[in-house]
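**Q** Dumping the structure here so I can ask a few things about it.
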Amino acid sequence: MSAVRSLRKLSRVALLGATPRDSLPDAIEHVAKVHKAHHPRADLRPLRKAYMLAESSHRGQMRKSGEPYITHPLAVTLLLAQLGAETTTLTASLLHDTVEDTAVTLEQVRREFGDQVCYLVDGVTKLEKVDYGSAAEPETFRKMLLATGNDVRVMSIKLADRLHNMRTLGVMRREKQVRIAKVTRDVLIPLAERLGIQALKSELEDLVFAILHPEEHSRTRELIREHNSHPDPLTGFAAQVRRTLREAGIAAQVLIRPRHTVSVHRLRLKRGQLGDCDFARLLVLVDEDADCYAVLGELHTCFAPLVSEFKDFIAAPKFNLYQSLHTAIADDEGKVAEVLVRTRRMHQVAETGVIALGDPHASAETGADAAEGGTGGASAGTADGAGERTDPTRPGWLSRLLEWQSHAPDPNTFWQELRDELAQDLEITVYCSVPGAEGVAGGALPLPAAATCVDAAYARLGKAAHRCIGARVNGRLAALTTVLRDGDALQLFLESGSGAPSGPSPEWLDHVRTPSARLAIREWLAAHGRREADQQPHGERPSVPEDTRQVADQVVSERLPGAAPPGAAPEERRPEPQEEAPQQPDALRWDAQQSPEEYTEYAEYEENIPVVPGHPGTPVRLARCCTPVPTDSVTGFPVRGGAVTVHRDSCQSVARMASAGRLTLPVRWEQGEAGCRVTLRAEAFGRPHLLADLTESIAAQGAAVVSADVEPPREQRVRHTYTLQLPDAAGLPALIRAMRRVPGVYDVTRSVRQTAAN
C-alpha cells in the first residue's frame, strides 16, 4: 500500500473514530513515532492540537486526486519528521494550508500556537491572485524569501510541500505539470541546494527530470534497471574496505550509496559510457573528524588512489554546510570506486542541511536539541557537541539576495533576476587577512562566485576599504580587480590611517560583484564629486600616495629572485650576470659531450661553494636538479669554461653522466661563514594562517627566508616552495621535522628539478 493510501486510511480513521481527550489521533501516530526517533523527549501535545485544527478546518475539502485534503499536510509533516525537523516546524507544517484555504486566521494560529508557528505559517501562505493578479507568484516567493531571511524553516516547509505536490502531479494536465516543474527547476531546487537539503533536492530533481525530459529519464531508468539485474560489484569492494578498516582498528560503517536518476544521467553525459561501479558510491561513516583522515590514509595505502579525484570538504566546507572527504580508489582487478568519508553528524547535515540546525532562534543552552533531547537539532551559529562546524541561520547568499531584492520593485524584474541569481550565484570562501589593521578580524570570508579583491575588501572592512591599495592572492601580488576562487588566501594592504583616503577608483565598479561594495563605492564617488564614468587621460597615471609606494615596494621585494627592484616596472627583471670562467688545465675543461642546454640547469650560490681538492679557485656550481648542501655526498663534473658542477651522489644525473664516460672529480665541502642555502617544498592542505605558521616554524629554527612561492590551491591542497639560508647545514633535518609538524602539512622535501634522460 502506498504512503499516500496509508495516510488516507489513517485520516479516515481519525474522521470516523472518536479520540480520547489526551490521546494522539491514529492519523499522526506514525508521524509521532518518527519524530520521537529523532527527538525522544519531544512534547507531542502541539502536534495533536495542530492536527485536530487542521483536520476540522480541511474537513470536506478534497484534492484533485480525490483524496481527503488532510492527507497533504500529513504527508508534508511526515517528510519533515523523517528529516529530523523539530516540533515547531512539524506543528507549522500541519497548519501550513489552513490560513490559505480555510477560515482559520493568522491571529487564531498565533493565539493557540505562539508567534513562531504563526510566523512559519504566514511565511508559506500564498498571496491571493485576486489581489495581485499575475504578480501573485513572484510576490509570493519574495514574501517567502523575506520570511526565510529571519527563519530558514519557512523554506524547509515550502520545499517539503513542493515535493509532495510533485509526487502527486500526475493528476494535472500536461501544461500545468510543465509550468510547475520549470518553477521547481529554476527556483526551488537551487534553494534546496543552497540550504543543503540534499534529501529533498535529489528527489525533486528526479521528478522534474521525468516531466521535462521524459525520454532521457526513461533511458536512464532503463540503464539503472539493467545494472540492478546483475550482482553489484561494489558489494565485494565494500567488503574489502570493511576488512581493511577493521584490521587497522578503525570503527567505521561502510555502505553502498546508489546514485539517484539525475546523478546517473549527468555522469553518463560526462563520461560517455558508464562502468559497473559508476551507479553507486561507497559511503564510510565514522565518529570523529580525525577518523575521517585515518580512513583516508588506510584507503590510499591499501588501494591505488586516483589523486585527481581527491577533495577535502572537511577542511574547506562547501557554502551549504556540506562536509566530506571525496576520493576514488582502485582494487587489484582495476575496478574503481568513488568513496565518501564523513562523520555521522556530517552525514546528517549533508542530507538535511539547515533542518539539522534545529531552531535558529535558540541559544546554545536552550536549542531545540537540548529542549527536546534529540540528536539532530544543534542550534545554528554554534558547534555541536563534537565541535563540528555549523553555520549562521542566514547564509551569505541569502543576505545578498535579500539586499538586492529591495531594489527590484517590479515583480517581473524580481522574478527574472531571482532565476538568474539562483542559476549562477554559488558561494566561495576565501581566507582574508589585513596586516597591520587594528580591530579587523581575519579568517574565512564567504563571497559570491566571481567576487574580486575589491568585494572582499568591502565585505571585511566596510567603508575602511576606501583605503585599500593592494592585494596579494596566494602569496603573489594581484590587482584589486582579480577574480577570487574558492579557498584563496588573500592579504589586503591599506594606506595609513592618517589623512583622507585616496579612495576607490571608478573602474572598480566594473569589477565588483556584491551590492554592498557597489553601493559604498558609488557613495564615495558621489560625495567627492566624481562620476562613475570618470577616466584618467590616456597615458597619465593618478598620483600614488607615498605610503602606497612603500607598501608596493615592500611586497615587490618579497618576490622570487630576479624580481624587479622597487620602482621598476612589474614585469622587468634584473639581467643575470654572465661571468666567463678563467681557463683551467685540460683535465678541467668542458667535455664536448656536455650540451649547452644541460649547462643552463645549474645555479650558483656564492655563499655555499664546495671546492675541488688540488684546484683552488676553480668556479664550482651547485646543480639545480638536486640542490646539494653541505654534508651531502657529492660528485663533480667539469663543464664548459673550466667550471665544475656538483651533484648529490644519489642524483639520477650522476649515474647517467658517469655511464656515458664523463670525467668525475672529487669534491670537498668547505663551509664558509655565510652558512648554506637550500630549497624546500612543503605540501599541505589549504587552511587559514598556513603561510604564517610555516614561516614561524622556519624562523624558530634560525633559518632565513630568501624567497618564497605559494602556488594557487588545487583541490584544497597547496604547495609552498622556500629558498632558505641556514647558518649550519647540520640543522637541516631539524628544520624539515619542524615544518612537518605544522598542522595541515603532510610532506616537506628537498626541491629537485627533473632532468631529461638521454
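**Q** Read phi for every residue in segment 55-66 and hand back ³J(HN,Hα) as whole Hz from Karplus 6.51 cos²θ - 1.76 cosθ + 1.60, θ = phi - 60°, with x for Gly and Pro.
**A** Each residue of segment 55-66 in turn: 5, 5, 6, 8, 4, x, 7, 10, 7, 4, 6, x Hz.
**Q** Could I ask something else about it? Which percentage, to the nearest 5, of the DSSP beta bridges contained in segment 200-340 is antiparallel? Display every interim value, and only then the final one.
**A** On the way: 15 of 17 bridges.
Looking only at bridges with both residues in segment 200-340, the antiparallel portion is about 90 percent.
**Q** Then there's this: Can you pull a Stokes-Einstein diffusion coefficient for segment 676-750 at 37 °C (0.692 mPa s), Rh from Kirkwood over Cα pairs, as a whole number of µm²/s?
**A** Rounded to a whole number, D works out at 270 µm²/s.
**Q** Say each of ARG419 and HIS230 gets a label point 7 Å from the Cα, pointing the same way as Cα to Cβ; how far apart are those two points in nm?
**A** Computed distance between label sites ARG419 and HIS230 equals 4.2 nm.
**Q** Rg and Dmax in Å for segment 230-356, alpha carbons only: what are they?
**A** 14.3, 42
**Q** Can you classify segment 78-205 as rounded, prolate or oblate using the Cα gyration tensor, where a ≥ b ≥ c are the square roots of its eigenvalues, rounded means a/c under 1.5, and otherwise it's prolate if a/b beats b/c and oblate if not?
**A** Details: a/c = 1.62, a/b = 1.20, b/c = 1.35.
Judged from the Cα gyration tensor, segment 78-205 comes out oblate (a/c at least 1.5, b/c at or above a/b).
**Q** Taking 7 Å along the Cα-to-C-beta vector as the label spot, tell me the ASP101-ARG271 distance in nanometres, rounded to one decimal.
**A** Label at ASP101, label at ARG271, 4.3 nm between them.
**Q** What pairs in LYS49/LYS143; LYS33/LYS201; LYS182/LYS318; LYS126/LYS176 have C-alpha atoms more than 23 Å from each other?
**A** LYS49/LYS143; LYS33/LYS201; LYS182/LYS318
**Q** Of all trypsin sites (Lys or Arg not before Pro) in segment 128-197, which ones are in loop regions per DSSP and have a Cβ with at most 11 other Cβ atoms within 10 Å?
**A** Sites meeting the loop and neighbour criteria: ARG173.
**Q** Moving to a separate point now. What is the order of ASP488, ASP649, ASP332, fewest Cβ neighbours within 10 Å to most?
**A** Exposure proxy ranking, most exposed first: ASP332, ASP649, ASP488.
**Q** OK, next. Along segment 677-689, what does the Karplus equation 6.51 cos²θ - 1.76 cosθ + 1.60 (θ = phi - 60°) give for ³J(HN,Hα), rounded to whole Hz, x for Gly and Pro?
**A** Calculated HN-Hα couplings, in order: 10, 8, 10, 10, 10, 9, 9, 8, 7, x, 7, x, 6 Hz.
**Q** Something else: Which of THR343, THR301 comes first, and how do the rest follow, when ranked by fewest Cβ neighbours within 10 Å?
**A** Listed from fewest to most nearby Cβ atoms, that is THR301, THR343.
**Q** Going by the alpha-carbon gyration tensor, a ≥ b ≥ c the square roots of its eigenvalues, is segment 116-177 rounded (a/c under 1.5) or, if a/c is not under 1.5, prolate (a/b greater than b/c) versus oblate? Walk me through the numbers before you get to the answer.
**A** Numbers: a/c = 2.54, a/b = 1.33, b/c = 1.91.
Oblate is the answer for segment 116-177, as a/c is 1.5 or above yet b/c matches or exceeds a/b.
**Q** Measuring from the lowest to the highest alpha carbon on each principal axis, how far does segment 690-734 reach, largest first, in angstroms?
**A** So the extents along the principal axes, rounded to whole Å, are 36, 16, 16.
**Q** Beyond 17 Å, what percent of the Cα pairs of segment 426-532 remain? Could the numbers behind the result be given before it?
**A** Working: 2698 of 5671 pairs.
Cα-Cα pairs of segment 426-532 separated by over 17 Å account for 48 percent.
**Q** I want to verify the translational diffusion coefficient of segment 3-222 in µm²/s; compute it with Stokes-Einstein, Rh as the Kirkwood radius over Cα pairs, at 20 °C and 1.002 mPa s. Numbers along the way, then the final one.
**A** Numbers: Rh = 18.1 Å.
Rounded, D is 119 µm²/s.
**Q** Spelling out what I want: for every residue of segment 185-201, take phi, set θ = phi - 60°, compute 6.51 cos²θ - 1.76 cosθ + 1.60 (Karplus), and round to whole Hz; glycine and proline get x.
**A** Working through the residues one at a time gives 5, 7, 10, 6, 5, x, 5, 4, 4, 5, 8, x, 8, 5, 4, 7, 4 Hz.
**Q** Arrange MET144, MET172 by Cβ neighbour counts within 10 Å, fewest through most, would you?
**A** With the fewest neighbours first, MET144, MET172 line up as MET172, MET144.
**Q** Identify the GluC sites (Glu not before Pro) of segment 262-366 meeting these criteria: DSSP loop state and at most 10 other C-beta atoms within 10 Å of the C-beta.
**A** Those that pass, being in a loop and sparsely packed, are GLU333, GLU365.
**Q** Work out how much length ARG740 to ARG243 would gain on full extension: take 0.36 nm times their residue separation and subtract the Cα-Cα distance, in nm to one decimal.
**A** So the chain would gain 175.9 nm between ARG740 and ARG243.
**Q** Amide H to amide H, which residues 5 or more places from LEU622 or on other chains are under 5 Å from it, using H placed in the peptide plane?
**A** ALA603, TYR605, VAL646
**Q** For THR452, what residues show an amide H to amide H distance below 5 Å, using hydrogens built from the backbone and excluding near sequence neighbours?
**A** It is LEU484, ARG513, by chain and number.
**Q** To the nearest 0.05, what FRET efficiency results for ALA37 and SER218 with a Förster distance of 35 Å applied to their C-beta separation? Present the calculation step by step, with values, prior to reporting the outcome.
**A** Numbers: r = 36 Å, r/R0 = 1.03.
Result of the calculation: an efficiency of 0.45.
FYI, it's all coordinate maths here, none of it is from the lab. As the structure is a computational prediction, the values presented were derived from the model and not from experiment. Virtual Cβ from ideal backbone geometry, glycine too; neighbours counted across all protein chains shown.
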